[in-house]
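Trainee: I'd like to ask you about the structure that follows.
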Amino acid sequence: MNAASEASPGERLRVRGQVQGVGFRPTVWRIARDLGLDGDVRNDGEGVLIRLLGSATAVDAFCRRLRAQCPPLARIDALERAPLADPPTRTGFHIVESAATAVRTGVVPDAATCPACRAEITDPTDRRHRYPFTNCTHCGPRLTIVRAIPYDRANTSMAVFPMCPTCAAEYADPADRRFHAQPNACPACGPRVWLEDPSGARLDPAAFGAADAIQAAARLLAEGRILAVKGIGGFHLACDAANAPAVDELRRRKRRFHKPFALMAADLATIGRYARVGAAEAELLAGSAAPIVLLERLPDAPRLAPGIAPGQATLGWMLPYSPVHHLLLADWRERAAGALVMTSGNLSDEPQCIDNAEAHGRLTEIADALLMHDREIVNRADDSVVRVLDGAPRLLRRARGYAPAAISLPAGFADAPPLLALGGELKNTLCLVRDGRAVLSQHLGDLEDARAADAFERAIALYETIFAHRPERLVVDRHPDYRSTRYGRARAAREGLSLDAVQHHHAHVCSVLADNDWPLDGPAVIGVALDGLGFGTDGTVWGGEFLYADYRGFERLGRLRPVAMPGGTRAILEPWRNAYAQLAATFGWENFAARWPTLELTRWLGTQPLGLVQTMLARGLNCPASSSCGRLFDAVAATLGVRREGISYEGQAAIELETLAEAAADRRGAYPFERNGAAPFAVDPAPMWSALLDDLARGEPAPDIAARFHRGLAAVVV
């Protein structure tokens, strides 16, 4: 007996969340048919709309099963039930065409290849054997190919690849896992992959004794070559991670002299030979987001090139997350053991290449060959980076696999007007706020680079299009010279929008409140922001702040003692300048040199252009005062001989100082700091410097000194 035969007006279900392009409608179809419910399901701009005819008991059962059997990539944020005012006229349950309505849903992040698709590409009897664009509703590209929503094939870069009859039949069958899988394709109808040399000439795989381009690429890698590999969200540069000359040559060509390279291995067992992989790390590596995960090196691990991650005790590992990567790593494992370097395809500090023509212009002087394909990457998505701390994953870079999944905001934000927040200058990310949710873009990079700045404006246009977002207010950093701030000011003036300028470290504190589901009207908290640089409300440079804050405002309770930055930006690039400034501010240079005359540091600093620096400090020329905690770390690192003369990437000195501290044999002791004055009080490192320099003069090991600094700073913050 059909459940709809029982008298019932039926119900209208509105499902919000990540529910498009993830096999959600086939799941609805299957459950409804199992329960004998009539009706239909469709995608629209708000998510998924379901109309059900049946008894209240059957509809209740449907809702329970829908939540319990939600597809792996889906997320139900809300399931709203209402009486059905417009019942369907057809019997049975049907999947109907998407409706063009106001967009309030989201685009699902790209997802790593699922087990079923991996099995197909490795099965010689399957029609998708070794096909590098195999996907289904449980995996594959999403954000990186979409131009607009609803997320239908016509709105993606797959629109130029008409499906063959077999793929079309899969696409149309609700019982098939490829039902409405928008990137669905096969060797007969989908994108192609090929190998070419830097001149653009295609290379014949047979010349390498290979069956196809991917196998040929693996053989080139085994010979020590550097390859550009086009993936899902951009190009990578790859080489043998155990081949020191190849790694060093990649650094030279890429002009990335010290920043760590990411590594890719075929499976968890291989990664476990090189690094400690706990349960939380394994879950992240093998999950649908498939990020780079920072892992502790094993002391007895097989040899990797010394240039992989100089000065660091961790390595960034990831597993293959696309069929191209799976096939490449499988072929690579047949030729050599171990791992591949898989770093972003760009020159240092530039955005990752995503376009074939762009790769020809920017990567041919780096790569010996290019593994290319003809599926357009619409939206760049770098690899995400995660580290497990205290048993919980901490996102260091939120991009592929995570963005643009919406984040539900705490209580009180549902009535906030539509906002567009434009982010800072470094590691820029956009944020759209509407209907109590925040949509964060993928990591966009440092806007100091002109290409990244162009990508920033394109990303704004993209997100406003795919989310039909029309902001009523723009939000910018208080720093007047950030590109994002200048863009916001100009646009607000042009379009008559309200503009809010937010202090950098107040924003950091508020993001932690949101992460912890702190309500909008919750009481103020003490927030500690230890940072590199941020423009303060008093016009000085902040970065070591103790704030009493809620979402709407803050009071600055205290800060690290401000110290000058001789040379401004040069002090960031040359850590010895911060060391000199700290010592001069604490003791006076002459007193310091008289008290610790035999230190190697004293002699070394004496060889630098101190006369010029002293003149700059005396006259206040390009020596902004800063409470930055980052500059304090730089100063301590330089004092211990870590990256004293210069850094090649942001935070390098502090990162290597942390690595030094982790090697400490003595786990006791903490250097003292003082708290001086009334609000805003100053945390003064003067006693720390005296104790540290005395230890240095006594010949205490540098790792122990570094650890005592870290523990002392932690103690004074607490």
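The values are calculated or read from the model by the stated rules, or taken from the named source; none is laboratory data. What you are looking at is a predicted structure, and each value in this text was computed from that prediction instead of being measured. Heads up, the Cβs are rebuilt from the backbone with ideal geometry, glycines too, and the neighbour counts pull from every protein chain shown. SASA here: full protein model, heavy atoms, side chains in, ligands and nucleic acids out. Shrake-Rupley method; radii C 1.70, N 1.55, O 1.52, S 1.80 Å.
Trainee: List the residue pairs whose Cβ atoms are under 8 Å apart, where the first residue sits in region 73-85 and is closer than 15 Å to Gly39 by Cβ, the second is part of a loop (DSSP other than H, G, I, E, B), and the two are 6 or more positions apart or on different chains.
Mentor: Pro83/Pro9; Pro83/Gly10; Leu84/Pro9; Leu84/Gly10
Trainee: Being at pLDDT 95 or above and open to solvent by 30 Å² or more (accessible area, probe 1.4 Å): is that true of Arg42 here?
Mentor: no
Trainee: Just to verify a result, which residue in region 550-581, among those that are of a type in the set (Gly, Ala, Ser) and assigned to a strand (DSSP E or B), is most open to solvent (accessible area, probe 1.4 Å)?
Mentor: Only one residue fits best here, namely Ala564.
Trainee: Identify, by number, the condition in (1) outside any helix (DSSP H, G or I); (2) crowded, with 20+ Cβ neighbours inside 10 Å; (3) modelled with pLDDT of 95 or more; (4) not charged (D, E, K, R) that Thr144 doesn't meet.
Mentor: Just one mismatch for Thr144, condition (1).
Trainee: Take Leu195 and tell me if it is open to solvent by less than 40 Å² (accessible area, probe 1.4 Å), in a helix (DSSP H, G or I) and touching a helix residue (DSSP H, G or I) at 6+ places or on another chain (Cβ under 9 Å).
Mentor: When the stated conditions are applied, Leu195 does not pass them.
Trainee: Moving on to the next point. Looking only at region 116-126, decide whether some residue is open to solvent by less than 10 Å² (accessible area, probe 1.4 Å) and basic (Lys, Arg).
Mentor: no
Trainee: For Leu547, which of the numbered conditions (1) more than 27 Å from Arg675 (Cβ to Cβ); (2) open to solvent by less than 60 Å² (accessible area, probe 1.4 Å) fails to hold?
Mentor: Tallying (1) more than 27 Å from Arg675 (Cβ to Cβ); (2) open to solvent by less than 60 Å² (accessible area, probe 1.4 Å), Leu547 fails exactly one: (1).
Trainee: On to the next question. Which condition number does Gly522 fail, the rest of (1) farther than 25 Å from Leu713 by Cα; (2) open to solvent by less than 40 Å² (accessible area, probe 1.4 Å); (3) under 28 Å from the mean Cα position of the chain (by Cα) being met?
Mentor: (3)
Trainee: Looking at region 348-388, which of its residues are assigned to a loop (DSSP other than H, G, I, E, B), open to solvent by less than 10 Å² (accessible area, probe 1.4 Å) and among the small types (Gly, Ala, Ser)?
Mentor: Within region 348-388, Ala367, Ala381, Ser384 meet the criteria.
Trainee: Take Leu497 and decide whether it is of a type in the set (A, V, I, L, M, F, W, C), out of contact with any His (no Cβ under 8 Å at 6 or more places or on another chain) and open to solvent by 60 Å² or more (accessible area, probe 1.4 Å).
Mentor: no
Trainee: Here's another thing I want to ask about it. Go through (1) of a type in the set (Lys, Arg); (2) within 18 Å of Pro320 (Cα to Cα); (3) in a loop (DSSP other than H, G, I, E, B) one by one and return the number of the condition Arg127 breaks.
Mentor: Unmet condition: (2).
Trainee: A follow-up question, please. Looking at Arg297, Arg303, Arg335, which one is open to solvent by 10 Å² or more (accessible area, probe 1.4 Å), under 23 Å from Arg202 (Cα atoms) and of a type in the set (Lys, Arg)?
Mentor: Testing whether each residue is open to solvent by 10 Å² or more (accessible area, probe 1.4 Å), under 23 Å from Arg202 (Cα atoms) and of a type in the set (Lys, Arg) leaves just Arg335.
Trainee: Here's a follow-up. In region 663-689, which residues are assigned to a helix (DSSP H, G or I) and either of a type in the set (A, V, I, L, M, F, W, C) or in contact (Cβ under 8 Å) with a residue 40 or more places away in the chain (or both)?
Mentor: Those that are assigned to a helix (DSSP H, G or I) and either of a type in the set (A, V, I, L, M, F, W, C) or in contact (Cβ under 8 Å) with a residue 40 or more places away in the chain (or both): Ala686, Met688, Trp689.
Trainee: Just wondering, is there one or more residues in region 284-293 that are without any contact (Cβ under 8 Å) to a residue 12 or more places away in the chain and closer than 20 Å to Arg118 by Cβ?
Mentor: No, region 284-293 contains no residue that is without any contact (Cβ under 8 Å) to a residue 12 or more places away in the chain and closer than 20 Å to Arg118 by Cβ.
Trainee: Another one. Being among the charged types (D, E, K, R) and on the phi < 0 side of the Ramachandran plot is the filter here, so list the residues in region 605-648 that pass it.
Mentor: Arg619, Arg631, Asp634, Arg644, Glu645
Trainee: Here is a follow-up. If you check Ala678 against the conditions, is it of a type in the set (A, V, I, L, M), touching an Asp or Glu at 6+ places or on another chain (Cβ under 7 Å), open to solvent by 10 Å² or more (accessible area, probe 1.4 Å) and closer than 23 Å to Gly558 by Cα?
Mentor: No: the conditions fail for Ala678.
Trainee: Can you tell me which residue within region 239-266, out of those that are in contact with a Ser or Thr (Cβ under 8 Å, 6 or more places away or on another chain), at pLDDT 95 or above and hydrophobic (A, V, I, L, M, F, W, C), is surrounded by the fewest Cβ atoms within 10 Å (Cβ to Cβ)?
Mentor: Out of the qualifying residues, it is Leu250.
Trainee: Taking Arg397 as the residue in question, decide whether it is open to solvent by 50 Å² or more (accessible area, probe 1.4 Å), under 27 Å from His479 (Cα atoms) and modelled with pLDDT of 95 or more.
Mentor: yes
Trainee: Further question on the same structure: I'd like the residue in region 81-90 that is surrounded by 11 or more Cβ atoms within 10 Å (Cβ to Cβ) and at pLDDT 90 or above and, out of all such residues, is farthest from Ile149 (Cα to Cα).
Mentor: Restricting to residues being surrounded by 11 or more Cβ atoms within 10 Å (Cβ to Cβ) and at pLDDT 90 or above, the top hit is Leu84.
Trainee: Any residue that is assigned to a loop (DSSP other than H, G, I, E, B) and modelled with pLDDT of 95 or more - is there at least one of those in region 499-514?
Mentor: yes
Trainee: Another one. Taking the stated definitions as given, is Tyr463 within 18 Å of Val378 (Cβ to Cβ), touching a residue at least 40 places away in the same chain (Cβ under 8 Å), in contact with a Leu (Cβ under 7 Å, 6 or more places away or on another chain) and not β-branched (Val, Ile, Thr)?
Mentor: Considered against the rule, which asks whether it is within 18 Å of Val378 (Cβ to Cβ), touching a residue at least 40 places away in the same chain (Cβ under 8 Å), in contact with a Leu (Cβ under 7 Å, 6 or more places away or on another chain) and not β-branched (Val, Ile, Thr), Tyr463 comes out as yes.
Trainee: Take Leu693 and decide whether it is outside any strand (DSSP E or B) and either open to solvent by 50 Å² or more (accessible area, probe 1.4 Å) or of a type in the set (Val, Ile, Thr) (or both).
Mentor: no
Trainee: Only one residue in Thr429, Thr485 is β-branched (Val, Ile, Thr), buried (at least 17 other Cβ atoms within 10 Å of the Cβ), under 30 Å from Met565 (Cβ atoms) and touching a residue at least 40 places away in the same chain (Cβ under 8 Å). Which one?
Mentor: So the residue among Thr429, Thr485 that is β-branched (Val, Ile, Thr), buried (at least 17 other Cβ atoms within 10 Å of the Cβ), under 30 Å from Met565 (Cβ atoms) and touching a residue at least 40 places away in the same chain (Cβ under 8 Å) is Thr485.
Trainee: For region 663-673, which positions are in contact with a helix residue (DSSP H, G or I) (Cβ under 8 Å, 6 or more places away or on another chain), surrounded by fewer than 21 Cβ atoms within 10 Å (Cβ to Cβ) and not hydrophobic (A, V, I, L, M, F, W, C)?
Mentor: Asp666, Arg667, Gly669, Pro672
Trainee: Considering region 147-177 alone, what residues qualify as being assigned to a loop (DSSP other than H, G, I, E, B), over 26 Å from Asp383 (Cβ atoms) and modelled with pLDDT of 95 or more?
Mentor: Of everything in region 147-177, those that are assigned to a loop (DSSP other than H, G, I, E, B), over 26 Å from Asp383 (Cβ atoms) and modelled with pLDDT of 95 or more turn out to be Pro162, Met163, Cys164.
Trainee: Name the pairs whose Cβ atoms lie under 7 Å apart, with the first residue in region 248-277 and among the charged types (D, E, K, R), the second not in a loop (DSSP other than H, G, I, E, B), and 6 or more positions between them or separate chains?
Mentor: Lys254/Leu237; Arg276/Leu295; Arg276/Glu296
Trainee: Restricting to region 309-332, name every residue that is surrounded by 23 or more Cβ atoms within 10 Å (Cβ to Cβ) and outside any helix (DSSP H, G or I).
Mentor: Leu315, Gly316, Trp317, Met318, Leu319, Pro320, Tyr321, Ser322
Trainee: Taking Arg473 and the conditions (1) under 25 Å from Leu395 (Cβ atoms); (2) surrounded by 15 or more Cβ atoms within 10 Å (Cβ to Cβ), which numbered condition does it fall short on, given that it satisfies the others?
Mentor: (1)
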